[in-house]
Amino acid sequence: MTWLITGGAGYIGAHVVRETLKSGRNVVILDDMSTGIATRIPDGVTLEEVTLVDKAGVEAVFAKHEITGVLHLAARKQVGESVEKPLYYWDENINGLTHLVGAMKNSGIKNLVFSSSAAVYGEPDIAPDALITEATHCLPINPYGATKLAGEWIAHALSASDDFHVAALRYFNVAGAGSPQLGDQFILNLVPIVFDALTKGNQPRVFGDDYPTPDGSCIRDYVHVQDLAEAHVAAMDYVERPDTTFAAINIGTGRGASVFEVLDMVREVTGLEVTPERIQRRAGDPAALTADVSRAAQLLDWQSKYDLRDIISSAWTAWQQTH
Ligand code: UFG
């Protein structure tokens, strides 16, 4: 069995590739290497350096390899950039997806695990301490989230029209490192932003301390990238079952942590002085996003194993290796 992993040279992809290999499946990576890193690709794994917007290039990959399923991780994923360049996001994430699933259809491949996001929920109209289930109304508030929801719709339609077997994994806030070499090298999300500030002698900034949460800062569901990678293997098993149609599945821990709680953990793990600066809210940040993870347990027989301490300490070890 050979699985094509798009985005396999990325931060999440590198973890997913390793877990897929451990599960006994072969892997081919399709990555445009715009944010991928070649040294993350394990020996013996083929890299097809192709962009998904190149329809003929994508089809050629399917002609060359005996692919049995696709893990589709490759996408543009910066919320702010998506607001500035919406057409770029629709082109890369949606035209890229149609080329990929078109090539799957032409080759008779039906098993798809799609990287979706909690960004599909936007700012859900629920109490800050409520959990988000997959039945929570989806109303993305930026083009990035919109492309993820539209991607789910395309995959859902193909499950009806062409018997695709689909798991759309709605990732919550991914952080941590499965090994010190595989840390997130971009400084775009809270944990790397905080490490970057502290190692430059600056203090982290908290975007808003007047949210309707116990300490006033935003709550998110931080999930360890290693747990996330293992969820992908469970999702491959799930889509390989003959009775699978389509399921959107939250991937989180079911436990929320506030920005202040994350910073407290950073202080404990690093031993550094952390005196956060409180600044105004960032536009578009919902007060709280915590996953109800019961569907993942039920359909994938998966649940997270790692906690916030594991996330921060593994990310810190990786950060120190690369910075
Ligand atoms: N935050 C700060 N200070 C910072 C950076 C972030 O207080 O310097 C706060 C944010 O306001 C937010 C939390 O930390 O409350 C997490 O922020 P991130 O930017 O790391 O992540 P987001 O929750 O905004 O978004 C992330 C991914 C999205 C994904 C979403 C799903 O970046 O791609 O999780 O929940 F859609």
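The values are calculated or read from the model by the stated rules, or taken from the named source; none is laboratory data. What you see is a predicted model; the values in this text were computed from it and never measured. No Cβ is skipped: glycine too gets one built from the backbone with ideal geometry, and neighbour counts run over all protein chains shown. Side chains are part of the model used for accessible areas, which takes the heavy atoms of the whole protein and leaves out ligands, DNA and RNA. Shrake-Rupley method; radii C 1.70, N 1.55, O 1.52, S 1.80 Å.
The set of residues in region 134-145 being open to solvent by less than 50 Å² (accessible area, probe 1.4 Å) and in contact (Cβ under 8 Å) with a residue 24 or more places away in the chain consists of GLU134, ASN142, PRO143, TYR144, GLY145. A Cβ distance below 9 Å, combined with a sequence gap of six or more or placement on separate chains, defines the contacts here; from region 284-305, residues that are β-branched (Val, Ile, Thr) reach residues that are open to solvent by 40 Å² or more (accessible area, probe 1.4 Å) and more than 15 Å from the ligand (Cβ to nearest atom) in the pairs THR290/ASP129; VAL293/GLN303. Of all the criteria given as (1) outside the structural domain of GLN298 (by TED's automatic domain parsing); (2) closer than 20 Å to GLY80 by Cβ; (3) within 13 Å of the ligand (Cβ to nearest atom); (4) out of contact with any Cys (no Cβ under 8 Å at 6 or more places or on another chain), the one not satisfied by LEU139 is (3).
Residues checked against (1) of a type in the set (Phe, Trp, Tyr); (2) within 16 Å of the ligand (Cβ to nearest atom); (3) over 17 Å from the mean Cα position of the chain (by Cα); (4) in a helix (DSSP H, G or I):
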residue: GLY254; (1), (2), (3), (4): no, yes, no, no
residue: GLU261; (1), (2), (3), (4): no, yes, yes, yes
residue: THR275; (1), (2), (3), (4): no, yes, yes, no
residue: ARG281; (1), (2), (3), (4): no, yes, yes, no
residue: GLN303; (1), (2), (3), (4): no, no, no, no
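Within region 179-191, the set of residues being closer than 18 Å to GLY7 by Cα and either near the ligand (Cβ under 8 Å from one of its atoms) or surrounded by fewer than 23 Cβ atoms within 10 Å (Cβ to Cβ) (or both) comprises GLN181, ASP184, GLN185, PHE186, LEU188. Taken over region 197-220, the criterion of being touching a strand residue (DSSP E or B) at 6+ places or on another chain (Cβ under 6 Å) and either under 20 Å from PHE186 (Cβ atoms) or among the aliphatic types (A, V, I, L, M) (or both) is satisfied by ARG205, VAL206, ILE219, ARG220.
Let's see how each residue does on (1) farther than 20 Å from GLY151 by Cβ; (2) in a strand (DSSP E or B); (3) out of contact with any Cys (no Cβ under 6 Å at 6 or more places or on another chain):
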| position | (1), (2), (3) |
| --- | --- |
| LEU4 | no, yes, yes |
| HIS15 | yes, no, yes |
| SER34 | no, no, yes |
| THR39 | yes, no, yes |
| ASP43 | yes, no, yes |
| LEU71 | no, yes, yes |
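Filtering ALA296, ALA247 for residues that are buried (at least 20 other Cβ atoms within 10 Å of the Cβ), in a strand (DSSP E or B), at pLDDT 95 or above and more than 14 Å from the ligand (Cβ to nearest atom) leaves a single hit, ALA247.
Restricted to region 82-179, the set of helices (runs of 4 or more DSSP H) holding at least 2 residues that are touching a helix residue (DSSP H, G or I) at 6+ places or on another chain (Cβ under 7 Å) and not aromatic (Phe, Trp, Tyr) comprises 96-106, 143-161. Of everything listed in (1) more than 16 Å from the ligand (Cβ to nearest atom); (2) touching a Ser or Thr at 6+ places or on another chain (Cβ under 8 Å), the single unmet condition for LYS105 is (2). Scanning region 192-225 for residues that are near the ligand (Cβ under 7 Å from one of its atoms) and under 18 Å from the mean Cα position of the chain (by Cα) gives ILE193, ARG220.
Among the residues of region 124-132, none qualifies, meaning not one is closer than 22 Å to VAL239 by Cα and either more than 16 Å from the ligand (Cβ to nearest atom) or surrounded by 23 or more Cβ atoms within 10 Å (Cβ to Cβ) (or both). Within region 187-207, residues that are in contact (Cβ under 8 Å) with a residue 12 or more places away in the chain reach partners that are among the basic types (Lys, Arg) with beta carbons closer than 7 Å, at six or more positions or on different chains, in the pairs VAL206/ARG278; PHE207/ARG281; PHE207/ARG282. Listed by first and then second residue, the pairs linking a residue in region 64-89 that is over 16 Å from THR6 (Cα atoms) to a residue that is surrounded by 15 or more Cβ atoms within 10 Å (Cβ to Cβ) and of a type in the set (S, T, N, Q), with Cβ atoms under 7 Å apart and 6 or more places separating them unless they lie on different chains, are VAL79/ASN142; SER82/ASN142; VAL83/ASN142; TYR89/SER82; TYR89/THR147. Restricting attention to region 188-224, the residues being within 25 Å of HIS323 (Cα to Cα) and in a loop (DSSP other than H, G, I, E, B) number 7.
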